[in-house]
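Here the structure is laid out as structure tokens; the discussion comes afterwards.
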Amino acid sequence: MNSEGDEPSSKRRKHQGMIKRNWEYICNHKKEKTKILGEENVDPQCEDNENKFDFSVMSYNILSQDLLEDNSHLYRHCRRPVLHWSFRFPNILKEIKHFDADVLCLQEVQEDHYGTEIRPSLESLGYHCEYKMRTGRKPDGCAICFKHSKFSLLSVNPVEFFRPDIPLLDRDNIGLVLLLQPKIPCAASPAICVANTHLLYNPRRGDIKLTQLAMLLAEISSVAHQKDGSFCPIVMCGDFNSVPGSPLYSFIKEGKLNYEGLAIGKVSGQEQSSRGQRILSIPIWPPNLGISQNCVYEVQQVPKVEKTDSDPTQTQLEKTEVLVTAEKLSSNLQHHFSLSSVYSHFFPDTGIPEVTTCHSRSAITVDYIFYSAEKEDVAGHPGAGVALVGGLKLLARLSLLTEQDLWTVNGLPNENNSSDHLPLLAKFRLEL
């Protein structure tokens, strides 16, 4: 079936070339001091010494084949052969091999393909793989894979956003949080917390998106919390189905959000109109979720019952009610991490937006790598008072593209890029 005529002429350019993505160096870091991912003939033993640990992270929504076929209207601009899994997977694997990242955070990883092709292929490249499938018999999930040579695994912490006891949380999205120990000879290093998620798509359910995010942040807080009260460095990747500057995005970066009067369709910024939409309730999620407005797990404290003539059950109910009422009054969400985005989302010279996904219906940024920034990079940040062990320094990132760039190669997927998302890549340094 040839439906290329359905697309505007600007979207029917059939170039089969590859668009070059360049490495951008941050903080005037000298090129010769940084190993470039995908560059050959670099001795990995030269990367680390007793004072620093360098590592690289890729976040990539690889487009589940089942979801591609269920949403074929998004890919009418594509030549049919480039949409087959037998064509797409070798291309995706080639990209992963070329960039050779130390940590992979993959979304839309289809379970049957994971078991038969993806996991075996990545294990043969030296990765250890952890996978969490979406709930409700959905065919895909998220994977975090890391190089044996760089990290050892301390803990695996899946997060299910579906809660049968909470009507709001009736969607099958998930998150996955790993605690990794850097392998550094002759040096003590904090662990690194790596999180991966794919939040709900529905642009008009910002209430669910924010609650899913709060659940992920609560798990990260629990996993990354250290004995001295500080947090170890954090890298949070994924497809957040929210655009730069949206309330959800701003909450991640700023550590706070007052959502009073906010329409549920405005949370993610995917749609401009919010006419006829209800506003977020206060609080967004019910108390029985067990997560506070600071996005941490609440300690369930049972009030001490003194020996009195009153009914002890009634005493407990009264105390619980007071707590719930106080919680309802606050429309302020907070979290305690100082998170920065690897990407700036706009090209500095032109102001043109970067895009991470591009198909027949839209070209926007929804994919991110967030990380614990060094203290000097987050002065005045509301979460800056919380101690971080070192924090991470961003050394380099693989440049993103504009929508116009991508339509010169007929959008996504195409002959060389086999997902409707681009891989995001960053290189970090942990100073010891």
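Side notes on the structure shown:
- For N157: the one exception among (1) under 16 Å from the mean Cα position of the chain (by Cα); (2) closer than 27 Å to L68 by Cα; (3) surrounded by fewer than 21 Cβ atoms within 10 Å (Cβ to Cβ): (2)
- Tally of residues being modelled with pLDDT of 95 or more and open to solvent by 80 Å² or more (accessible area, probe 1.4 Å) across the range 45-86: 7
- Sole residue being assigned to a loop (DSSP other than H, G, I, E, B) and of a type in the set (G, A, S), chosen from G175, G141, G136: G136
- Within the range 344-356, the residues that satisfy the criterion of being open to solvent by 10 Å² or more (accessible area, probe 1.4 Å) and either of a type in the set (S, T, Y) or outside any loop (DSSP other than H, G, I, E, B) (or both) are S344, F346, T350, P353.
- Being assigned to a loop (DSSP other than H, G, I, E, B) and of a type in the set (V, I, T) is a property that does not hold for I208.
- Looking across the range 227-254, the residues that are modelled with pLDDT under 95 and open to solvent by 10 Å² or more (accessible area, probe 1.4 Å) come down to K227, D228, G229.
- Residues being among the charged types (D, E, K, R) and within 17 Å of the chain's Cα centre (by Cα) - total across the range 161-181: 1
- Number of the exception - Y297 against (1) without any contact (Cβ under 8 Å) to a residue 40 or more places away in the chain; (2) hydroxyl-bearing (S, T, Y); (3) open to solvent by 20 Å² or more (accessible area, probe 1.4 Å): (1)
- Residue check, A214 in a helix (DSSP H, G or I) and either under 14 Å from the mean Cα position of the chain (by Cα) or of a type in the set (D, E) (or both): yes
- Among the residues of the range 95-114, those that are open to solvent by less than 50 Å² (accessible area, probe 1.4 Å), assigned to a helix (DSSP H, G or I) and not aromatic (F, W, Y) comprise E95, I96, H113.
- Unique match (being within 30 Å of S86 (Cβ to Cβ) and modelled with pLDDT of 90 or more) among G411, G351, G391: G411
- For D165, the test of being open to solvent by less than 20 Å² (accessible area, probe 1.4 Å) and among the charged types (D, E, K, R) is failed.
- Condition met for L217 (within 30 Å of V299 (Cβ to Cβ) and open to solvent by 20 Å² or more (accessible area, probe 1.4 Å)): no
- Pairs where the first residue, in the range 59-83, is touching a residue at least 40 places away in the same chain (Cβ under 8 Å) and the second is assigned to a loop (DSSP other than H, G, I, E, B) and open to solvent by 50 Å² or more (accessible area, probe 1.4 Å), C-beta under 6 Å, 6+ apart: L74/R361
- Cross-chain or 6+ apart pairs with Cβ under 6 Å, the range 251-271 first and farther than 16 Å from Q334 by Cβ, then of a type in the set (D, E) and open to solvent by 10 Å² or more (accessible area, probe 1.4 Å): G265/E271
- So K31, is it at pLDDT below 95, in contact with a strand residue (DSSP E or B) (Cβ under 8 Å, 6 or more places away or on another chain), open to solvent by 70 Å² or more (accessible area, probe 1.4 Å) and of a type in the set (D, E, K, R): yes
- Residue within the range 213-227 that is acidic (D, E) and within 25 Å of H345 (Cβ to Cβ) present: no
- Any chance G269 is on the phi > 0 side of the Ramachandran plot, more than 21 Å from the chain's Cα centre (by Cα) and not in a helix (DSSP H, G or I): no
- Restricting the range 363-382 to residues that are modelled with pLDDT of 95 or more and either among the aliphatic types (A, V, I, L, M) or surrounded by fewer than 20 Cβ atoms within 10 Å (Cβ to Cβ) (or both), the residue that is nearest to C237 (Cα to Cα): I369
The values are calculated or read from the model by the stated rules, or taken from the named source; none is laboratory data. Predicted model only: the values in this text are computed from it and were never measured. Ideal geometry is used to build each Cβ from the backbone, glycine not excepted, and the neighbour counts take in all protein chains shown. Keep in mind that these areas ignore ligands, DNA and RNA; they rest on the heavy atoms of the full protein, side chains included. Shrake-Rupley method; radii C 1.70, N 1.55, O 1.52, S 1.80 Å.
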